[in-house]
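Visitor: Structure provided below as structure tokens; questions to follow.
The values are calculated or read from the model by the stated rules, or taken from the named source; none is laboratory data. Nothing here was measured: the structure is a model prediction, and the numbers come from that model. Positions of Cβ are generated from backbone atoms using ideal geometry, with glycine treated the same way; all protein chains shown enter the neighbour counts.
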Amino acid sequence: MLPQGANLQKIRDGKRTYAVTPHLPGGFVKPETLEKYTRVAREYGGTLKLTSAQRIMITGLKAEDIDNVWAELGMQPAMGFANCVRSVKVCPGIAFCKRGKQDSVKLGLELDRRYIKKEMPSRLKMGVSGCPNSCAEAIIKDIGVIGTDDGWDVYVGGSAGAHPRLGDKLAAGLGYDDTLRLIDTVVAYYRENADIERIGQFIDRIGFAKFCADVLARFAAAGEEAIPAAPATEPPAPTAKLPGSDSGLKPGDPITAGSIIADIIRVYPDTIPVLRGFGMGCLGCPSATGEALEKAAGIHGLSAYELVQELNKVAIRSERQ
Ligand code: SF4
């Protein structure tokens, strides 16, 4: 039987050796903890190995020593079970890195606290990078976050391994709280709707347009509840406009230069790839999606006329289906 909290590593000449991997949030380790690792490894004949998930594994252990190893380490195993949040990889960010644009340590440790070992439809890895250099490999994580000058960009569906896939950009320029809230929304949607499949496989099965529209609509709706009513003299918060605005676009209506982007993607989610094709990658940003198409086209240096033509081709097609 497999000793508790250990992985089988090798069977050589009929003898089995095991590894233990304690949880190290964010890959941070105090000097005294490191001394404990070395003492335990030396005592039980183990070898220390740095893992890609920013942990330190002790491998080459015997089954009969595993309980004592855990008792002497006084730490928790990193792994829960097969289908859970396996790791949150965190780069040093602005806390330690001169290139950092956002506080990846703060965000990464909070994600670790919320999610590590939580049950999921399949295994799930997260990565938080403090700038677009992406040292935490956020783009190949199931949920990846990358800091920019404008805030956090959120990616979904990335993976490495045998079936590599780059994550799809779900949102750009979010603040700290909105980033956590969007990730909560992605996780809830994934848990409720996916089969036994990773987020990237789930997205490939249902289509990124649907995933994006469903998640952003839910994110916006939750934001609306959370936002206190604005005083009558102040304009409403941008997020309050996301689920639907006063442009009143309904199914069957033509898209015009005055249509609000949030309405367009809510009524015609199939238009999301068209908008992205025009270089409008900011579809998760509440303030950006609260703009009229004409204004957004101007910001991106696009022809509003051409954009409307292309969007209506897709809108008409989706109405006929
Ligand atoms: S991703 Fe950016 S902030 Fe993070 S370690 Fe790399 S260079 Fe530094």
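Visitor: Go through (1) within 10 Å of the ligand (Cβ to nearest atom); (2) modelled with pLDDT under 95 and name the single condition Lys117 misses.
Guide: If we test Lys117 against (1) within 10 Å of the ligand (Cβ to nearest atom); (2) modelled with pLDDT under 95, just (1) comes out false.
Visitor: Ile116 passes all but one of (1) within 21 Å of Gly161 (Cα to Cα); (2) in the same structural domain as Glu197 (by TED's automatic domain parsing); (3) free of Cβ contacts under 8 Å to residues at least 60 places away in the same chain; which number fails?
Guide: (3)
Visitor: Okay, next question. Identify the residue in the range 120-132 that is part of a strand (DSSP E or B) and small (Gly, Ala, Ser) and, among all such residues, is farthest from the ligand (Cβ to nearest atom).
Guide: So, considering only residues that are part of a strand (DSSP E or B) and small (Gly, Ala, Ser), the one farthest from the ligand (Cβ to nearest atom) is Gly127.
Visitor: Name the residues in the range 55-99 that are crowded, with 16+ Cβ neighbours inside 10 Å and of a type in the set (S, T, N, Q), would you?
Guide: Those that are crowded, with 16+ Cβ neighbours inside 10 Å and of a type in the set (S, T, N, Q): Thr59, Ser87.
Visitor: Take Val145 and decide whether it is of a type outside the set (D, E, K, R), within 16 Å of the ligand (Cβ to nearest atom) and without any contact (Cβ under 8 Å) to a residue 60 or more places away in the chain.
Guide: yes
Visitor: Among the numbered criteria (1) farther than 25 Å from Ala160 by Cα; (2) exposed (fewer than 15 other Cβ atoms within 10 Å of the Cβ), which single criterion is violated by Tyr37?
Guide: Here Tyr37 clears every test but (2).
Visitor: On the given criteria, is Gly277 closer than 21 Å to Gly158 by Cβ, in contact with a helix residue (DSSP H, G or I) (Cβ under 9 Å, 6 or more places away or on another chain) and modelled with pLDDT under 70?
Guide: No: the conditions fail for Gly277.
Visitor: If you don't mind, there's one more thing I want to ask. Give just the number: which of (1) within 15 Å of the ligand (Cβ to nearest atom); (2) without any contact (Cβ under 8 Å) to a residue 12 or more places away in the chain does Lys30 not satisfy?
Guide: For Lys30, the exception is condition (1).
Visitor: What's the number of the condition Thr233 fails, among (1) of a type outside the set (A, V, I, L, M); (2) under 25 Å from Asp150 (Cα atoms); (3) at pLDDT below 65?
Guide: In the conditions (1) of a type outside the set (A, V, I, L, M); (2) under 25 Å from Asp150 (Cα atoms); (3) at pLDDT below 65, Thr233 misses (2) alone.
Visitor: Something else: Mind telling me which of the residues Val105, Val85 ends up being within 16 Å of the ligand (Cβ to nearest atom), β-branched (Val, Ile, Thr) and in contact (Cβ under 8 Å) with a residue 40 or more places away in the chain?
Guide: The match here is Val105.
Visitor: All but one of (1) basic (Lys, Arg); (2) crowded, with 18+ Cβ neighbours inside 10 Å; (3) more than 12 Å from the chain's Cα centre (by Cα) hold for Lys169; which doesn't?
Guide: Condition not satisfied by Lys169: (3).
Visitor: Another question, if that's okay. Within the range 162-178, does at least one residue satisfy the condition of being acidic (Asp, Glu), assigned to a strand (DSSP E or B) and in contact with a Phe, Trp or Tyr (Cβ under 9 Å, 6 or more places away or on another chain)?
Guide: yes
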